[in-house]
Amino acid sequence: MVSRDKKGHFIKGHKESLGNKYRQGISPWNKGHSKKDLPTLSGGRPLGAKDTKKRDTTNYKISPERREQMRQISLRLGIKPPKVPNECRPRGEKHSNWKGGITPINEAIRRSTNYRLWRKAVLERDNFTCQKTGVKGGILRVHHINNFAYFPELRFAIDNGITLSEKAHIEFHKRYGKKNNTKAQLEEYLNTNE
């Protein structure tokens, strides 16, 4: 039984079983199709509505013939074709949105796996603690002791990195600028008491 107030509105916290009265006239997506007509993913499971949210990742290698076959069946049935796994999509110059490699080299380096591993190694070495303030955690930046641009051979050297809080990092660059940063400047900055 559903609780309602005098005006007939539902009382908060109570639910009504609506049944199928709002779904009348809507037929299921697979009505009138046998299982053999429906496209399947790896393991023989039919492609359904759940597959639009969660992709079956057990078999990433789909042959072009099978992909085309699934696309044709999906078009015939009027349902959305399954997504192509990332490893089958064209990359680089083969991609339709390729613009001739316009990403700046510094941006590409800072997004690379080597850079992420270097940053993680420096943070772990410094125990996720700002070396200026001694505060652990918070928003941390990994600063290159010798400048990133002028010392390319030291970009991924763990000894060339130091952990600073966001505030300390901004303060350092306000004081010494963003170019030609050296170890002497950093030592001077760390020894000042402010």
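The values are calculated or read from the model by the stated rules, or taken from the named source; none is laboratory data. These numbers were taken from a predicted model, which means no experiment stands behind them. Quick reminder, even Gly has a Cβ in these numbers, built from the backbone with ideal geometry, and neighbours come from all protein chains shown.
The single residue among Glu188, Glu166, Glu171 that is among the acidic types (Asp, Glu) and touching a strand residue (DSSP E or B) at 6+ places or on another chain (Cβ under 8 Å) turns out to be Glu166. Of all the residues that make up segment 137-171, how many are among the charged types (D, E, K, R) and farther than 21 Å from Thr192 by Cβ? Summing the residues that are among the charged types (D, E, K, R) and farther than 21 Å from Thr192 by Cβ in segment 137-171 gives 3.
Among helices (runs of 4 or more DSSP H) entirely within segment 89-185, having at least 1 residues that are modelled with pLDDT of 90 or more singles out 113-125, 166-176.
Listed here are the residues, each with its yes/no results for (1) over 29 Å from the mean Cα position of the chain (by Cα); (2) without any contact (Cβ under 8 Å) to a residue 12 or more places away in the chain.
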| site | (1), (2) |
| --- | --- |
| Val142 | no, no |
| Asn146 | yes, no |
| Phe151 | yes, yes |
| Asn160 | no, no |
| Thr163 | no, no |
| Glu166 | no, no |
| Ile170 | no, yes |
| Gly177 | yes, yes |
| Asn180 | yes, no |
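Go through (1) under 30 Å from Arg67 (Cα atoms); (2) touching a Gly at 6+ places or on another chain (Cβ under 9 Å) one by one and return the number of the condition Arg91 breaks. Against the list (1) under 30 Å from Arg67 (Cα atoms); (2) touching a Gly at 6+ places or on another chain (Cβ under 9 Å), Arg91 comes up short only on (2).
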